[in-house]
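We did not get these values from a lab; they are worked out from the coordinates using the rules stated. All figures in this text were calculated on a predicted structure; none of them were measured in a lab. Heads up, the Cβs are rebuilt from the backbone with ideal geometry, glycines too, and the neighbour counts pull from every protein chain shown.
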Amino acid sequence: MATSPIDPGREEIAARQAVMALCADASRDDLDAALRALEVSVTEDLRPPETGLVMATGRIGGDGRPFNLGEVSVTRAAIRVPDGTTGFAYHLGRDRAKARLAATLDALWQDPARRARVEAALQPAARRADAARQRAARRTAATRVDFLTLARGED
Amino acid sequence: MYVAVKGGEAAIDNAHRLLAEARRGDAAVPELSVAQIREQMALLVDRVMTEGSLYDPDLAALALKQARGDVVEAVFLVRAYRTTLPRFGASTPVDTGAMAVERRVSATFKDLPGGQVLGPTFDYTHRLIDFALAAEGAVEPAAEAEPRDDAGTCPRVTDLLAQDGLIEASPPDDGAPVGDLTREPVDYPADRALRLQALARGDEGFVLGLAYSTQRGYGRTHPFVGEIRVGEVAVEFVPEELGFAVPLGRVRLTECQMVNQFKGSGAAPPQFTRGYGLSFGQSERKAMAMALVDRALRAEELGEPVASPAQDQEFVLAHCDSLQATGFVEHLKLPHYVDFQAELELVRRLRAEFEQGRDRAGMQEAAE
């Protein structure tokens, strides 16, 4: 697609994926707040937000041949901002408004002049997600087993 | 002669209104919200997602509410809903090795990198009814501890065994297209990928019963739980218009690696064999049963006699789906007036012939 103002290199894609992952984990309110903090220009739907399915695949034995595990519901959105940049979002679930917000953030992020502001606007969501992950890890860690070895019988 | 009849519309409408009221139950009792079902009946929601073969906790919770808690009915609603949606494509295979582990236990090794982590489990509870739960009350907050340095890295137990060649390798990814039983009917013999798809969406009770049968001697596999892990993994999808993997979000999965008795030959030294289970949400019983039946269904591949139900793939795959099973069993309650009238006439004729035969025999006897 020639709609992106930049030729995406590997690092560029990784950074864009990181923002997409952040938006996928965030709530709709988080994205709404982020977008309100930016100056949101009018966006045009390239394609109306749509809910569909993606077949989730696993691997036999965890690392072997793929197999179809079952589907996940996914909502996608594609928008265009006035400068012509297109933004995309694919999220688990059925929240069309959220996918549209994320697609808008994806388009804004692609503009190097706005990138830092988009990332800053997403910081509260990133911090919340990180805190939730750490809390989950700490609660899990408390259930880790410490085995005691008991000496038995005569030596 | 039978003349087709119509009718019952008013009765059906009123039955559905009555169902709606019965679903609601006593109006003096507060109504359940979908969020309450999702959060507090989480394992039931996981089961509906697994057997409905659609990961969407809110949808599964809503289906359970609509189905009055009937699992198979909820699965039916979820499966019907999915047929209304377009398929965007298939995900890249999820990496369970990179799972954010919430629970991980092994029955084969005590000391593992990453440790044994119990997580939220019914294991070791006394299974005494807790009457305190009948009253509403605050819950004591879960304990917290600093994760140890190795907590982030949980290699699969099977990978540890594989380093020494003690266990067979997983079948390699040869890039061949993956069969999908939701798109094409199953042809027998079905390959292992297709069997795993069928088992993953199969009825937990049926798969559990088959798994149990292998332990009781109907196709023994000498299993050990190499590992069970529960936690979230990232799901990624490569849309055509982008050409790179887009992170869709995270799903909670349960994985079971069953380690089974060895197989060797003149050419290859003995190695442990494997069975594999993977399911949506926290559903250990299902993942374990799936892994046992997966291994049993490999009997022919591993040169074992195929003599028991759990080893017979047509028997297992054709009967493990709760929706197919309930459809055929429950259709029996629909009107069969024409079929039955035919049977009725046949049995009357046979009885008449029987009576005639007896009369003739009686007359012959009298004549002799």
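Odds and ends about this structure:
- Straight-distance candidates among the lysines for linking to residue B:6, with alpha-carbon spacing under 19 Å and chain neighbours fewer than 8 residues away dropped: B:333.
- Distance from the Cα centroid of region A:66-122 to that of region B:153-217 is 35 Å (rounded to whole angstrom).
- Just so you know, the Rg over Rh for region B:192-240 is 1.11, from Cα atoms, with Rh as the Kirkwood radius.
- Reported value for the protein assembly as shown: 310 Å³ per residue, from the convex hull of its C-alpha atoms.
- For A:14-26, mean number of other protein chain Cβ atoms within 10 Å: 3
- Protection proxy ranking of B:107-116, B:29-38, by the mean of other Cβ atoms within 10 Å over each peptide's residues and highest first, is B:107-116, B:29-38.
- Relative contact order, percent, region A:10-128 [alpha-carbon distance under 8 Å, six or more residues apart]: 28
- Spin-label pair residue B:108/residue B:13, simplified geometry with 7 Å Cα→Cβ offset, distance in nm: 6.3
- Pairwise label distance in nanometres, residue B:68 with residue B:301, each label 7 Å out on the Cα-Cβ vector: 4.3
- In chain B, the longest principal axis of the Cα atoms and the axis of helix B:42-52 are about 60 degrees apart.
- Given +1 at the Cβ of Lys and Arg, -1 at the Cβ of Asp and Glu and no other charges, the dipole of the protein assembly as shown around its Cα centre is 620 debye to the nearest 20.
- Label positions at residue B:6 and residue B:131, each projected 7 Å from the Cα along the C-beta direction, are separated by 5.9 nm.
- Angle between chain B longest axis and helix B:71-82 axis [Cα atoms, degrees, rounded to 10]: 80
- Cβ-based charge dipole, region A:10-128, positive-most Cα from A:24, A:43, A:86: A:24
- Three-way shape label, region B:1-61, alpha-carbon gyration tensor, a/c 1.5: oblate
- Within chain B, helix-based [θ] at 222 nm, where runs of 4 or more DSSP H residues each add -39,500 (n - 2.57), nearest 500: -12500 deg cm²/dmol
- Dipole of the protein assembly as shown, positive direction: furthest Cα of B:42, A:104, B:249, with charges on the beta-carbon: A:104
- A full extension of the chain between residue B:348 and residue B:33 corresponds to an added length of 107.8 nm, given 0.36 nm per residue minus the alpha carbon distance.
- Cα centroid separation - region B:283-310 against region B:55-81, whole Å: 28
- In this Cβ point-charge picture (+1 for Lys and Arg, -1 for Asp and Glu), region B:282-337 has a dipole of about 260 debye about its Cα centre.
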